[in-house]
Structure formats: C-alpha cells, structure tokens
C-alpha cells in the first residue's frame, strides 16, 4: 500500500536511494488519502494544517504549524484535510530496519 501508488495525485517521490525515499505530500481542504503505509519516517511540515488521521478503527485530529519536524513511526493510516489550508509536507522514509525489537506503531501527527 505504497502512498505514491494508491494516492499518486497527492504523493510524489522527490528523491530516492538505497537508504531513504523522500516524498512530497500536497493536498487541498477536503482531500482524502486512501489507506497506505509508511516505514519509520521524519516528517517536515512546509505549511500549517489540520487533518484527521484514521488507523486501526481510531480517528485523531492533528493540527501542526509550518516548519514542524516530527518522528513518525511505521504505520498504516488514511488522512483527510479538515482545515482551511493546503497541506504540504515532506516525508523522509527510512529503508533500513529499526535497531532492536520493532516499536509499537503509533497513530501520530502525519501529513498524509
């Protein structure tokens, strides 16, 4: 469930090598992503936004300012822009496995 394949109108790959993939995410109010997965990632918000993230039967509303940098643990989710502004974020997805036992996935603040 690669986000660039299930929601190609919202996610684009801007860089990729054997260790990372960098995605740009952009939507407008009312846009929704289809369910997709991300590996462990670092998210950088380029715009402020308000979103509803859905995962595992739970919904969380998230509001972040432009310029925020967040760790996002590996997860599967869908998102909806419920604000009044465009969402623009960069995701740096790690391709290397996490050291030690896998962390519990969290429903955290994400752009997509």
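What follows is calculated from the coordinates using simple rules that are stated; it is not laboratory data. What you see is a predicted model; the values in this text were computed from it and never measured.
Compared with the direct C-alpha span, the chain from residue 86 to residue 4 gains 27.7 nm at full extension, assuming 0.36 nm per residue.
Highest mobility in the GNM of the chain, judged by mean-square fluctuation with C-alpha springs under 10 Å and restricted to 16, 86, 76, is found for 16. Comparing 54, 89, 41 in a Gaussian network model of the chain where C-alpha atoms under 10 Å apart are linked, the largest mean-square fluctuation is found at 54.
Share of Cα-Cα pairs in the chain beyond 18 Å, in percent? The answer is 44 percent, as a whole percent.
Entry note, the chain: relative contact order of 34 percent, from Cα contacts under 8 Å with a spacing of 6+ residues.
Divide by every residue of the chain the summed helix terms, -39500 (n - 2.57) for each DSSP H run of at least 4, and state the resulting mean residue ellipticity at 222 nm, rounded to the nearest 500 deg cm²/dmol. Helices in the chain give a 222 nm mean residue ellipticity of -500 deg cm²/dmol.
Among 52, 19, 70, the largest mean-square fluctuation in a Gaussian network model of the chain (Cα springs under 10 Å) belongs to 19.
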